[in-house]
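Undergrad: Following this message is one structure expressed as structure tokens.
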Amino acid sequence: MKSRGVIYCATNSICYLEAALISAMALRQQEPDLPITLISEHPLLELLPLQRYGITPRVLKVNEVDNTPYLSRYIKTTLNILSPYQETLFLDADILPLQPISALWDHLCLGDFGMVADRLPTLDLCDHIAAEEKEYTLQRLPKETTQFNSGVMLWRNTAATQMLFQHWHQEWQKFQKHDQLALMRAIATTQIPVTALPNRYNTSPTDSASVLFDNHSVHLLHCWGGMVGSGKFRQFAQTFYPDIADTVGNWIDWQLPLPLSKTVEPCLNDYLNV
């Protein structure tokens with residue numbers, strides 16, 4: 001097992017694969033030597049020249065995951081099994097790295113698991129989960145319980161974090177939709193201490209608008225709120241990484257029926273300059 005690295009997960013929609021590719025390539029620009037793994041079930045992943053950018057593709061096979069419309073959450077709650085690293089940083093596909101993140105790993109000295117508090121930082125303020133699951137959670141946890149944002153997660157592979165992921169997956173299976181309240185319940189059950197990471201490692205464009213172009217204030221920008229599905233993520237990324245956004249956009253826009261036949265693959269490879 002490698003000592004340290006970053007993993008992404010992009011499933012179902014090719015829009016999320018595009019976003020994850022942009023994010024991973026932007027991170028490579030900020031961190032030239034940090035190992036990066038991109039997990040997806042999309043067959044296009046195997047045809048892209050990712051090794052050129054130091055990105056390792058991990059293509060999921062059908063028998064590795066359940067058939068669920070919320071495949072990304074299924075995978076997210078089992079990332080400890082999929083990660084090849086002893087110390088893992090998970091980034092959502094809609095995270096845009098703007099600054100180096102090497103200092104983030106120092107927070108593992110404070111504990112085995114770390115996240116940034118959500119912009120709505122308590123359970124009672126949570127507004128993106130179905131009412132049924134929120135009520136279920138409120139019956140089990142105080143309304144003042146801290147809500148962490150699972151778009152950025154840092155952990156060390158230990159017995160405690162393995163137990164956390166096991167309980168998280170079990171809690172998620174009760175509703176099988178969003179993952180964040182399931183994580184809160186799992187944290188409460190396992191009693192694992194959570195290190196609160198600085199906001200600069202998971203903040204939104206709205207919350208950071210006044211300092212967005214400050215070279216030291218924002219390291220990981222979380223472009224939530226439908227920016228990926230609407231296509232705005234690529235447009236937004238072009239402000240900071242025009243070459244990367246254009247390169248990935250060309251890969252995605254040159255759409256072919258998938259899975260590709262052996263006769264078509266060489267044409268795609270020529271197009272991608274493999």
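The values are calculated or read from the model by the stated rules, or taken from the named source; none is laboratory data. Quick caveat, the model's predicted, so the values are computed rather than measured. FYI the Cβ positions are ideal-geometry reconstructions off the backbone, even for glycines, and counts take in every protein chain you see. Please note that ligands, DNA and RNA were not included when accessible areas were found on the heavy atoms of the full protein model with its side chains. Shrake-Rupley method; radii C 1.70, N 1.55, O 1.52, S 1.80 Å.
Undergrad: In square nanometres, what is the average projected area of the Cα convex hull of segment 51-200?
TA: About 9.7 nm², averaged over all directions.
Undergrad: Treating the angle as unsigned and between 0 and 90°, give the value, to the nearest 10°, between the Cα long axis of helix 242-253 and the longest Cα principal axis of the chain.
TA: Helix 242-253 sits at roughly 80 degrees to that axis.
Undergrad: Additional query: Do you know the relative contact order of the chain, to the nearest whole percent, from alpha carbon pairs under 8 angstrom that are 6+ apart?
TA: RCO, the chain: 23 percent.
Undergrad: Carbon-plus-sulfur fraction of the accessible area of the chain, 1.4 Å probe, in percent?
TA: Result for the chain: 50 percent of the exposed heavy-atom area is carbon or sulfur.
Undergrad: By how many nm would the segment from Glu132 to Leu120 lengthen if fully extended, with 0.36 nm per residue of separation less the alpha-carbon distance?
TA: 2.4 nm
Undergrad: Rank by packing, highest mean first: peptides 76-83, 176-183, 29-36, with packing defined as the count of other Cβ atoms within 10 Å averaged across residues.
TA: The peptides rank, most packed first, as 176-183, 76-83, 29-36.
Undergrad: Ok, one more. Using a 1.4 angstrom probe with every protein chain in place, what is the largest-first accessible-area order of Asp207, Asp243?
TA: Largest to smallest exposure gives the sequence Asp243, Asp207.
Undergrad: Cα centroids of segment 139-153 and segment 1-36: how far apart, whole angstrom?
TA: Result: 26 Å between the Cα centres.
Undergrad: Per residue, how big is the convex hull around the C-alpha atoms of segment 23-131? Give it to me in cubic angstrom, could you?
TA: 143
Undergrad: Another one. Please give the contour-minus-distance gain from Thr206 to Asp243: 0.36 nm per residue of separation, less the Cα-Cα distance, rounded to one decimal in nm.
TA: Full extension of this stretch gives 10.9 nm more.
Undergrad: Distance in nm between label sites at Arg4 and Gln176, each 7 Å beyond Cα in the beta-carbon direction?
TA: A separation of 3.9 nm, rounded to one decimal place.
Undergrad: Another question, if that's okay. I'd like the antiparallel share, as a percent to the nearest 5, of DSSP beta bridges with both residues in the chain.
TA: Of all bridge pairs located within the chain, approximately 45 percent are antiparallel.
Undergrad: Determine one quarter of the surface area of the Cα convex hull of the chain, which equals its mean projected area, and express it in nm² to one decimal.
TA: For the chain, averaging the hull's shadow over all directions gives 14.4 nm².
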